[in-house]
Amino acid sequence: MWGATLVVSAFALAIVAMSFAFAGGAVIVAVPLALVAIAAAGLFDFSRRRKQATSIHEHRRRAESDKVEFTERDRQTLSSE
């Protein structure tokens, strides 16, 4: 998703730069369009981070449910004397 966020951000900056090139007449279109593009980039990033956090929580939940079997040799090396 980082690539999509970068493209949307570059597009937003290009629109703002275009508005200055046309002596302010395009500001009426460019600024709202840039705000929408920036909001879309933020939503994409928020969605990606939420999915990543969910993935980590799911991984932890599965790790807690896995039982570890120790051999007698493991128990000897793990016990402190």
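The values are calculated or read from the model by the stated rules, or taken from the named source; none is laboratory data. Nothing here was measured: the structure is a model prediction, and the numbers come from that model. Cβ coordinates were reconstructed from backbone atoms using ideal geometry, including for glycine residues, and neighbour counts include every protein chain displayed. What goes into the accessible areas is simple: the full protein's heavy atoms, side chains included, and nothing from ligands, DNA or RNA. Shrake-Rupley method; radii C 1.70, N 1.55, O 1.52, S 1.80 Å.
Brief remarks follow.
- Answer from 30, 4, 53 - the residue that is of a type outside the set (Val, Ile, Thr), modelled with pLDDT of 75 or more and either part of a helix (DSSP H, G or I) or surrounded by 13 or more Cβ atoms within 10 Å (Cβ to Cβ) (or both): 53
- Some residue of region 61-69 being under 23 Å from the mean Cα position of the chain (by Cα) and either open to solvent by less than 100 Å² (accessible area, probe 1.4 Å) or touching a residue at least 60 places away in the same chain (Cβ under 8 Å) (or both): no
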